[in-house]
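Colleague: Let me give you the structure first, and then I'll get to my questions.
The values are calculated or read from the model by the stated rules, or taken from the named source; none is laboratory data. Keep in mind the model is a prediction, meaning the values are calculated, not measured. We place every Cβ from the backbone using ideal geometry, glycine too, and count neighbours over all the protein chains shown.
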Amino acid sequence: MTNPDLYIKQMPIGPMENFVYFIGSKSKKEVVVVDCAWDVNAILKVAEKEGLKITAALVSHYHFDHTNGLSGLLKHLDIPVYINKEEAPWMKGLAASNTKAVGSGDSVKVGGIDIKCLHTPGHTPGSQCFHVDDALVSGDTLFINACGRTDLPGGDPKQLYESLTQKLSKLDDKTIVYPGHNYAAQTSSTIGDQKKSNPFMKFTSLQQFLSAFGY
Ligand SMILES: [Zn+2]
């Protein structure tokens, strides 16, 4: 059942169809920002308008289109930035004093809301999804009816296959999927629907999966 205090806001931002997210508590008015990129002022303005305090930043993976707002954000707010420990070596220019390396299963608390970090490597070595209540912010691991590329530095199709078919597909079918990019006709889906309609979640062998990527 959905926690009535859970707040999730999806914000399309920048020239690459990225989604930036706030996740937090409606009653406490505290949120984390996921994948702070492109337009820090716009993100801060939304927080100000809605009376929200940003207490931390979460990083799904190191790619610039998901992280290029972090240095600007940290000029305004001295907050921790949570990144998977496998991804930390790939991040450039982030102050060590702000960096908090996390592992799979670690949680980040915001206003009484518990956000679980789920390590889902493949698109990058330390890609992570954020699981909170009945929602999953999936970064570039899982898109609606698609998935992230594996041909960029650190990408690994075998790992992505395992992340999609062994980890994410085990989540409850009702889990709402909020992807890292606005690439589909709809802006969210569910794990159950993705297991039916997303070819990359339907492959039952690594070989099939690799063939789809042209390996
Ligand atoms: Zn990416």
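Colleague: Can you tell me which residue is nearest to residue 8 (Cα to Cα) among those in the stretch 44-87 that are outside any loop (DSSP other than H, G, I, E, B) and within 16 Å of the ligand (Cβ to nearest atom)? Even if it seems obvious, please write down each step before you answer.
Modeller: First, pick out the residues of the stretch 44-87 that are outside any loop (DSSP other than H, G, I, E, B): 44-49, 53-58, 64-67, 70-76, 81-84.
Still in the list and also within 16 Å of the ligand (Cβ to nearest atom): 58, 64-67, 70, 83-84.
Working: 58: 14, 64: 23, 65: 20, 66: 18, 67: 19, 70: 20, 83: 20, 84: 21 Å.
Only one residue fits best here, namely 58.
Colleague: Let me ask something additional. If you take the residues of the stretch 94-134 that are within 16 Å of the ligand (Cβ to nearest atom), in contact (Cβ under 8 Å) with a residue 60 or more places away in the chain and assigned to a strand (DSSP E or B), which of them is farthest from residue 62 (Cα to Cα)?
Modeller: So, considering only residues that are within 16 Å of the ligand (Cβ to nearest atom), in contact (Cβ under 8 Å) with a residue 60 or more places away in the chain and assigned to a strand (DSSP E or B), the one farthest from residue 62 (Cα to Cα) is 130.
Colleague: Answer yes or no: is there a residue in the stretch 16-31 that is in contact with a helix residue (DSSP H, G or I) (Cβ under 7 Å, 6 or more places away or on another chain) and assigned to a helix (DSSP H, G or I).
Modeller: no
Colleague: Let me spell it out: the conditions are (1) more than 15 Å from residue 61 (Cβ to Cβ); (2) touching a residue at least 24 places away in the same chain (Cβ under 8 Å); (3) part of a helix (DSSP H, G or I), and residue 174 meets all of them except one. Which number is the exception?
Modeller: So the condition that residue 174 fails would be (3).
Colleague: Condition (residue is assigned to a helix (DSSP H, G or I), within 16 Å of the chain's Cα centre (by Cα) and within 16 Å of the ligand (Cβ to nearest atom)) applied to the stretch 138-159: is it met by at least one residue?
Modeller: no
Colleague: Among the listed residues 140, 151, 173, identify the single one that is within 29 Å of residue 207 (Cα to Cα), surrounded by fewer than 17 Cβ atoms within 10 Å (Cβ to Cβ) and in contact with a Lys or Arg (Cβ under 8 Å, 6 or more places away or on another chain).
Modeller: 173
Colleague: So, in the stretch 169-182, of the ones that are out of contact with any Ser or Thr (no Cβ under 8 Å at 6 or more places or on another chain) and either at pLDDT below 95 or over 16 Å from residue 123 (Cα atoms) (or both), which residue ends up nearest to the ligand (Cβ to nearest atom)?
Modeller: 182
Colleague: Tally up the residues in the stretch 185-207 that are buried (at least 16 other Cβ atoms within 10 Å of the Cβ) and over 17 Å from residue 129 (Cβ atoms), please.
Modeller: 1
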